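Student: Below: one structure in structure tokens.
The values are calculated or read from the model by the stated rules, or taken from the named source; none is laboratory data. Being a predicted model, the structure only gives us computed values, none of them experimental. Counting neighbours? That spans all protein chains shown, and the Cβs are built from the backbone with ideal geometry, glycine included. For the accessible areas, the whole protein counts, side chains as well, though only heavy atoms, and no ligand, DNA or RNA atoms are used. Shrake-Rupley method; radii C 1.70, N 1.55, O 1.52, S 1.80 Å.
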Amino acid sequence: MESLLTDLNRQEWLRAGAFFFSLILMPPLTVGIIRKTKARFQNRIGAPIFQPFYDLTKLLKKDETISNHVSWIFRSAPSINLSLLFIVACLAPWTTLHPFGIPGDLFLLIYLLAFSRFFTVLSALDAGSAFGGFGASREVTLALLVEPAIMLSLASLGVTAGTSDLTTVFSFENVKLQSQTGLWFIAGCGLFLSSLVELSRMPADDPTTHLELTMVHEAMILENSATNLALAELTHFVKIVVLLGISSQCFLHSLPWVWHASEITRALASIGGVFFMAAFIAVIESVAVKLRWTKLPEFIAYSVAMSIFCVLIALSRGTN
Amino acid sequence: MTLDTFEALSVLSAILGILILGTTLLRTNLSFYRMHTLAIAAVTAWIAHITKEDHLYVVALGVFLIKVIFIPNFLNWVMKKVDVGSDKQAFIAAPLSMHLGALMLGLSFLLSKQIPGLVGGHDSHLGSTAAMSILFTGVLLMLTRRAALSQIVGFLVIENGIYLFAVTQTHGMPMLVEMGLLLEVLVGVMISGLLLFNIKKSFEHIDVSQLTELKD
Amino acid sequence: MAGKVKIFPFVSFMIPYIEAITPSSLFITACVIWSSGAVLTVVSDLTKLRLEDRWMTGLSIAGSLATIIGSIKSYTQTQAFGFSGFPNFGLAPLTCLTDSLSVPFTLLLGLVSLAAALATPSFTHTLATKSQHNHFFRLTFLMLSGILMVLLSANAIAFLVFWEVMSVAAASLITTDHIRHRAQRAAISYMTASRIATALFTAAFLWMQHLSGSFDFSAWHFNDPRALPAAIMLFLGAATKAGLWPMHVYLPQSYAEAPGPAAAILSGVVGKTAIYLLLRLLIQGNCESLPVIYLALALGTVSCVWGVLFALVERDLKRLLAFSSVENMGLIVVALALTMLARHHGLDMVMAIAVTGVLFHAFNHGLFKSLLMLGAASVERATHTRELSQLGGLAKRMPWTMLGFFVGAMSICAMPATNGFASKWLIYQAFFRLACDEAPLFDRAIALAMVGVLAFVGALALACYAKAIGIAFLGRPRSRQAQMPPESGIDNLAAAQILLSCLCILLGTSAGISLSALSPALNLLTQCSNDTGSFFPLAIGQLSLIGVFLTSAIYLIILGPKTKDIRTYITWDCGYGPLSARAEETGSSFSHPIGRIFSQILQLNVETEIQGKDRRHFPEAIRVETKMSPFIETKAYRRFLDVVNWLSLTLTRLQTGSIHVHLLYLFLTMIVLVLLGTTL
């Protein structure tokens, strides 16, 4: 009995170790993969996959320049945002490595993300630059359109499972969810489309642009430099991994074989899923163009439509 | 609730049909229409596989060749000729009409429960849901859009809905009827495509809402 | 206990005396203190006595403390008392009751009035004359005692009497600065709304009295189908008082014109009395009729969306806060409707969570909205303007106000670790559970849709308060008024804000524990004996500790060591030259994208006029005007007023002025009355 306990414990600790290892390692790596894939599509060799690491360490070493109009909001926002995103990463089911079975409540997660958005927006407005203001205004507009879609997609999964705790919903244990291939797939599509917007990726925002007038996320962190910028970038990387991870988890749940696979296979599949999504984003960014600002609501409407389909499927349970 | 594969495919085709509503770009509309019809062809083929009725394979092939390949290509060509890229000023904003269409899917789910089974043992609840929802989608498309090309797409979607209903409920009509219908659609689309040229030539636009003098 | 006695012999000596005090005596003490303040102001008006602000503030604080202690005492003790000596016109004696439902509301009153009283000395400088001073204090005192007694009323007659005291005092409090036309208009519209609410209440009360034969609230049962008209009238009256759409039009005017501390009480507590009445009658009286439920759901949902949309495009800081009150009232009413719906379907758990959400959100909204109102008052006092386009850069000049406003904004946007999150989470959870439960398809669909609507409203609220803080407090000053000297330390106003912000954070981080305190109220309302603390299982306290720890670790390890090497420089301007503050994002440009998306609702119009020969590349002058005409105010109510005016003009023809005709009217009326009396 005792040996069993320690065995379980060891497994649990191993899992937690793997989780934190991937939490540290994966965010920059994912961005590296996106950049590398894009470079290959453009017939370039591109920077090494580990380039985001080198960029971050370089930024951490540099000295900072800040605007002389900023207040404590700007100084504190990067550290608050990063710690918020770490908490989100520990609560959200973005891999199957989720340690210690910490319950990750759906509404808490969404509001934690909103919390970090609140700080990002305020720190963008803090320096009093016109670009920061643009970026902030666009960010809240996009968030406003995307948030119901994310909420409804996840909530309909939760309603089908009968709990708002996402750890339980995504745990491969709920029999009610096992047969819901369509629901998982559509929820995954909706979440993926929403995360494209939420993460300021291509159809919504061009992350490589240097024209301040069209940027969303880059415009908001325009005043950040050196250490401050490194933290803001890292925060964004973590957000990319978490949101892509959640949508890739949805896709993985829609594949019946994953339900019967062993735990290690699942873990590998979920990490591979994130990388696959990253590569997929790179493909999209290579073939698609950035949409005009006024056309964006039409694009987001597709993710809202997906969430409506999710709701319909969740409601149809138990009617016949 | 476990889905049969053909039911899943027909719901997929309904969803793809609803996505047609989401944009006013005619090219994107046509590509969604292509995918939507592809799903319907797959449904037909799958039903052929279940029921072992070989003539349905031929019908599926016909649907694929005519509705997935030929008609969208033809309409793309027409679009280029009349030089209309998007459907401006829809009556209801495109995103909104898509969400309306999504709600219609729910409504048709409720409605299709009221329909008694047509042929004993064959009736599929989700199949008729999908068919009805496609029907609604087509009607919405025709109601909310102005350009004559969207009207043609709307008509095609409605036709798909009726076809899907027949296929899922009765598992296919005789081969002759199916082929006749397909040819009729083909001819209809070609005629309306040619009509478009004339409309464009005489009025310099293809806005249907301005063609109000269809009376004595 | 024994240890305590040893350490505090003094306290142990007092304990029997303290225990002997009943809640009712404390509440009456509070009332007496406040009323005596009001009497003093009358005396001061009549004589040469000049009342020091300190005395009046002291009285106000004493009353608030008595209220707070009274609420704490009545937590364990239900007590009925009355004013049997009062003339009651043969209707019913004015009876009062302290029970566990009134506790959260009286406690809220005590806390908010304490904060408002603390803030008062900072405000009264701006009042020029002695009579204005006296007017302000008198009406504040009257309003406070009115609210307290409204919350304690146990029967309809007492309720109506005190309700009138409260409404009239509030309306005339708005006109403290009575010379301004806007204040007059605000007071008139406030009065109108109160009148309508009172009329509806009176009608509903009479109906219920007719049904049950008693004026006692406890004797009324709304699960009787014959009580439906009364329930609808009650709801509409309360909706008017709480400011639900479409009766919300008076809220922005009156909250914006009311003097600072009074605005805090008005927005924090007065609107909540309507919620209190709904809880007391509809929920405690087991109302479960579907028309009321769907009416409440519909009006509440529209209010949520409407209020926050208008708050977002508003340019006046206080009006923004008032519109956001409309949103929050909508939220509370939606949860209230959900309570009734869950009772209708017999889902006890959903009902318990929803009603806990109502109670907690009403309490929390009272705290953070008065906090925000005090912040706005502080801004107005320092800069003499409430226009967002004139403000900017206040974070450096008013650090304490900024901090208070920031905490308030976080709470109202339901950021985790604040009290707003806990109560909003409960409301979310209630809808979510209903969608999971075995309810009819239609109601489940509504519940799941409401989850989406709430997410949408939450995102809008976030945008709205990001704008309020970002434009008013961050960036650079946009006018000379905003470039005032920095605020000097913590003054009274700042102290009041700090008190309220501490409460917000405390309630948020210890949400589970503070929610448990609502169990008796839940038990009273729904007969559920659950522990309300168990509805909120999130370890929010631990999470906020981890968050604070992580944040400070990241700050100290990564950012801190480099602080000395930081170079400050101008904000990035593309190398174009020094940017003026006019290049900053303004309030209207911040909300413009959202305004454009919802231009149909907001009736938003932008007119651009470019002058000059080469208009495209070298314009000489550009004039841009954004116009917004709220549909309800300009179209619906205008029509209605036109009809009323036309009717009254037509009816004046009846008033001929001739005494004979008037006598004829009298005679005819008598005949009609006699006929009615004999035939019915």
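Student: For Cα pairs less than 8 Å apart in space and 6+ apart in sequence, what is the mean separation divided by the residue count of segment A:148-244, i.e. the relative contact order in percent?
Tutor: Values: 63 pairs, mean separation 20.2, N = 97.
Relative contact order here is 21 percent.
Student: For chain C, how big is Rg over Rh, using alpha carbon atoms and the Kirkwood form of Rh?
Tutor: Values: Rg = 26.8 Å, Rh = 27.0 Å.
Result for chain C is an Rg/Rh of 0.99.
Student: Then there's this: Hey, rough spin-label estimate for B:PHE91 and C:SER552, points 7 angstrom out along Cα→Cβ, what's it come to in nanometres?
Tutor: For B:PHE91 paired with C:SER552, the spin-label model returns 6.4 nm.
Student: Sort A:LYS176, A:LYS295 by heavy-atom solvent-accessible area, probe 1.4 angstrom, most to least. Don't jump to the answer; show the numbers that get you there.
Tutor: Numbers: A:LYS176 115, A:LYS295 75 Å².
Output order, biggest surface exposure first: A:LYS176, A:LYS295.
Student: Report D for segment C:631-679 in µm² per second (integer): Stokes-Einstein, Kirkwood Rh on Cα pairs, 10 °C, 1.306 mPa s. Numbers along the way, then the final one.
Tutor: Numbers: Rh = 13.6 Å.
D = 117 µm²/s.
Student: Suppose every K and R has +1 on its Cβ and every D and E has -1 on its Cβ; what is the size of the dipole of chain B about the Cα centre, in Debye to the nearest 20?
Tutor: Approximately 580 debye in magnitude.
Student: Just to verify a number: what accessible area does C:THR679 come out at with the full protein assembly present, 1.4 Å probe, Å² rounded to tens?
Tutor: C:THR679 exposes around 110 Å² with every protein chain in place.
Student: Then there is this: So for segment C:176-297, considering every pair of alpha-carbon atoms, how many percent are separated by more than 26 Å?
Tutor: Values: 2029 of 7381 pairs.
For segment C:176-297, the fraction of Cα-Cα distances above 26 Å is 27 percent.
Student: Can you tell me how much longer the chain between C:ALA20 and C:HIS178 gets when fully stretched, taken as 0.36 nm per residue apart minus their C-alpha distance, in nm with one decimal? Don't skip to the answer; put the middle values down first.
Tutor: Working: separation 158, 0.36 × 158 = 56.88 nm, distance 4.58 nm.
Contour length minus the Cα-Cα distance gives 52.3 nm.
Student: Which FRET efficiency value, to the nearest 0.05, do you get for B:LYS80 and A:TRP257 by plugging their Cβ-Cβ distance into 1/(1 + (r/R0)^6) with R0 = 41 Å? The partial results should precede the final answer.
Tutor: On the way: r = 45 Å, r/R0 = 1.10.
About 0.35, to the nearest 0.05.
Student: A further question follows. Using 7 Å Cα-to-Cβ label points, what is the B:ARG27/B:MET173 separation (nm, one decimal)?
Tutor: Between B:ARG27 and B:MET173, the simple spin-label model gives 3.7 nm.
Student: What 222 nm value per residue comes from the helices of chain A, counting each DSSP H run with n ≥ 4 as -39,500 (n - 2.57) and dividing by all residues, nearest 500 deg cm²/dmol?
Tutor: Details: 13 runs with 233 residues, N = 320.
Taking each H run of at least 4 residues, the total per residue is -24500 deg cm²/dmol.
Student: In Å², rounded to the nearest 100, what is the total accessible surface buried by chains A and B against each other with a 1.4 Å probe?
Tutor: Details: alone 15190 and 10810 Å², together 24500 Å².
Protein heavy atoms only, the A-B interface buries about 1500 Å².
Student: In Å² (nearest 100), what accessible area is buried between C and A, both sides summed, heavy protein atoms only, 1.4 Å probe? Walk me through the numbers on the way to the answer.
Tutor: On the way: alone 31440 and 15190 Å², together 40340 Å².
Buried surface at the C/A interface: approximately 6300 Å².
Student: For A:ILE66, enumerate residues with amide H under 5 Å from its amide H, sequence gap 5+ or separate chain, H modeled in the peptide plane.
Tutor: Placed amide hydrogens put C:ARG567, C:THR568, C:TYR569 under 5 Å from A:ILE66.
Student: Here is a further query. Would you grab the residues whose amide H sits under 5 Å from the one on C:ARG476? Only those 5+ places off in sequence or on another chain, please, with H modelled 1.01 Å from N.
Tutor: Result for C:ARG476 returns C:GLY393.
Student: Please get the size of the charge dipole for segment A:2-316, origin at its Cα centre, with Cβ charges of +1 on Lys and Arg and -1 on Asp and Glu, quoted in debye to the nearest 20. Don't skip to the answer; put the middle values down first.
Tutor: Numbers: 20 positive and 22 negative charges, 150 e Å.
Roughly 720 debye for segment A:2-316.
Student: Per residue of chain B, what 222 nm ellipticity follows from adding -39500 (n - 2.57) for every DSSP H run with n ≥ 4, rounded to the nearest 500? Could you put the intermediate results ahead of the total?
Tutor: Working: 8 runs with 155 residues, N = 216.
Theoretical 222 nm ellipticity from helices: -24500 deg cm²/dmol.
Student: Still on this structure: Sorting B:MET132, B:MET35 by accessible area (1.4 Å probe), largest first, what list results? Each step should come with its number before you reach the end.
Tutor: Numbers: B:MET132 30, B:MET35 90 Å².
Per-residue accessible area, sorted high to low, gives B:MET35, B:MET132.
Student: Given +1 on the Cβ of Lys and Arg, -1 on the Cβ of Asp and Glu, and no further charges, what dipole in debye does segment A:33-72 carry about its Cα centre, rounded to the nearest 20? Before the final figure, lay out the partial values.
Tutor: Details: 8 positive and 3 negative charges, 76 e Å.
Dipole magnitude for segment A:33-72 comes out near 360 debye.
Student: Short version: ³J(HN,Hα) in whole Hz for each residue of segment C:494-510, in order, from phi by Karplus 6.51 cos²θ - 1.76 cosθ + 1.60 (θ = phi - 60°), x for Gly and Pro, what are they?
Tutor: Whole-Hz 3J(HN,Hα) from phi for segment C:494-510: 5, 4, 4, 5, 5, 4, 5, 5, 4, 4, 4, 5, 4, 5, x, 6, 10.
Student: Considering only protein heavy atoms and a 1.4 Å probe, what is the carbon-and-sulfur percentage of the accessible area of segment C:288-555?
Tutor: On the way: 4590 of 7060 Å².
After summing per-atom areas, the C and S share lands at 65 percent.
Student: Label C:ILE671 and A:LYS58 with points 7 Å out from Cα along Cα→Cβ: what is the distance between them in nm?
Tutor: That separation, rounded to one decimal, is 10.2 nm.
Student: In terms of modelled amide H atoms, which long-range or inter-chain residues lie less than 5 Å from the amide H of A:ASP105?
Tutor: A:LEU166
Student: Which three extents, in whole angstrom, do the alpha-carbon atoms of segment C:466-610 cover along their principal axes, largest first?
Tutor: Taking the Cα atoms of segment C:466-610, the three principal extents are 67, 52, 33 Å.
Student: Kindly state, to the nearest 0.05, the FRET efficiency for C:LEU663 paired with A:LEU213, given R0 = 45 Å and r defined as their beta-carbon distance.
Tutor: 0.05
Student: Rounded to a whole number, what is D in µm²/s for segment C:103-180 from Stokes-Einstein with the Kirkwood radius over alpha-carbon pairs (37 °C, 0.692 mPa s)? Write down the numbers at each step before the final one.
Tutor: Details: Rh = 13.4 Å.
Rounded to a whole number, D works out at 245 µm²/s.
Student: Could you give me the percent of Cα pairs per 20 Å distance bin for the protein assembly as shown, shortest bin first, beginning at zero and ending with the bin that holds the maximum distance?
Tutor: Final binned percentages: 10, 36, 35, 16, 3, 0.
Student: Could you give the accessible area per residue of the protein assembly as shown, probe 1.4 Å, as a whole number in Å²? Write down the numbers at each step before the final one.
Tutor: Numbers: 49600 Å² over 1216 residues.
It amounts to 41 Å² per residue over the protein assembly as shown.
Student: Still on this structure, please answer the following. Rounded to the nearest 0.05, what FRET efficiency is calculated for A:ARG292 and C:GLU625 with R0 set to 30 Å and r the Cβ-Cβ distance?
Tutor: Values: r = 25 Å, r/R0 = 0.83.
Once rounded, the FRET efficiency stands at 0.75.
Student: Given the protein chains as shown and a 1.4 Å probe, how many square angstrom of C:LYS241 are accessible, to the nearest 10?
Tutor: Using a 1.4 Å probe on the heavy atoms, I get roughly 10 Å².
Student: Quick one: which bits of segment A:268-304 get at least 50 Å² less accessible when the partner protein chains are in, versus the chain alone, with a 1.4 Å probe?
Tutor: At a threshold of 50 Å² (probe 1.4 Å), the residues of segment A:268-304 that become less exposed are A:GLU298, A:TYR302.
Student: Moving on to the next point. Hey, got the Cα dimensions of segment A:2-316 along the principal axes, in Å, largest first?
Tutor: Principal axes ranked by extent give 59, 46, 43 Å for the Cα atoms.
Student: Mean residue ellipticity at 222 nm from the helices of chain C, using -39,500 (n - 2.57) per DSSP H segment of n ≥ 4 over the full residue count, to the nearest 500 deg cm²/dmol?
Tutor: On the way: 28 runs with 452 residues, N = 680.
Result for chain C: -22000 deg cm²/dmol, rounded to the nearest 500.
Student: By the scheme Lys and Arg +1, Asp and Glu -1, what is the net charge of all other residues having a beta-carbon under 12 Å from that of C:GLU487? Intermediate results must be reported in sequence, preceding the final value.
Tutor: Values: positive: C:ARG381, C:LYS396, C:ARG397; negative: C:ASP491.
Computed value for this residue: +2.
Student: Accessible surface of A:LEU97 in the full protein assembly, 1.4 angstrom probe, to the nearest 10 Å²?
Tutor: Rounded to the nearest 10, the figure is 20 Å².
Student: Let me ask something else. So what J values fall out for segment A:157-172 if you push phi through Karplus, 6.51 cos²θ - 1.76 cosθ + 1.60 with θ = phi - 60°, rounded to Hz, Gly and Pro as x?
Tutor: With the stated coefficients, segment A:157-172 comes to 4, x, 5, 5, 7, x, 8, 9, 8, 5, 4, 5, 4, 9, 8, 6 Hz.
Student: Report the per residue volume, in Å³, of the convex hull enclosing the C-alpha atoms of segment B:5-210. Intermediate results must be reported in sequence, preceding the final value.
Tutor: Numbers: hull volume 20.4 nm³, N = 206.
Considering the Cα atoms of segment B:5-210, their hull volume per residue is 99 Å³.
Student: What do you get for Rg/Rh of segment C:288-555 when both radii come from the Cα atoms and Rh is the Kirkwood radius? Kindly include the intermediate steps, with their values, before the conclusion.
Tutor: Working: Rg = 19.6 Å, Rh = 19.3 Å.
Result: Rg/Rh = 1.01.
Student: Residue by residue through segment C:273-289, which ³J(HN,Hα) values in whole Hz follow from phi under the Karplus form 6.51 cos²θ - 1.76 cosθ + 1.60 (θ = phi - 60°), with glycine and proline marked x?
Tutor: With the stated coefficients, segment C:273-289 comes to 4, 5, 4, 4, 5, 4, 4, 4, 9, 6, 7, 5, x, 6, 6, 9, 7 Hz.
Student: Using only the heavy atoms of the protein chains and a 1.4 Å probe, how would C:MET484, B:MET173 rank by accessible area, largest first?
Tutor: Numbers: C:MET484 25, B:MET173 60 Å².
Ranked from most to least accessible, the order is B:MET173, C:MET484.
Student: What is the Cα coordinate range of segment A:273-320 on the first, second and third principal axes, sorted by size from largest, in whole angstrom?
Tutor: Principal axes ranked by extent give 45, 32, 12 Å for the Cα atoms.
Student: Positive end of the charge dipole of segment B:5-210 (Lys, Arg +1 and Asp, Glu -1 on Cβ, about the Cα centre): tell me which of B:PHE64, B:VAL82, B:ILE40 has its Cα farthest that way.
Tutor: B:VAL82
Student: Pull out the extension gain between B:LEU195 and B:HIS49, defined as 0.36 nm times the separation in residues minus the alpha carbon to alpha carbon distance; nm, one decimal. Present the calculation step by step, with values, prior to reporting the outcome.
Tutor: Details: separation 146, 0.36 × 146 = 52.56 nm, distance 3.95 nm.
Net length gain for the segment: 48.6 nm.
Student: Here's another thing I want to ask about it. Indicate the gyration tensor shape class of segment C:50-190 (rounded, prolate or oblate), computed on the Cα atoms with a ≥ b ≥ c the square roots of the eigenvalues: a/c under 1.5 is rounded; otherwise a/b larger than b/c is prolate and the rest oblate. Don't skip to the answer; put the middle values down first.
Tutor: Values: a/c = 2.27, a/b = 1.46, b/c = 1.55.
Because a/c hits 1.5 or more and a/b fails to exceed b/c, segment C:50-190 counts as oblate.
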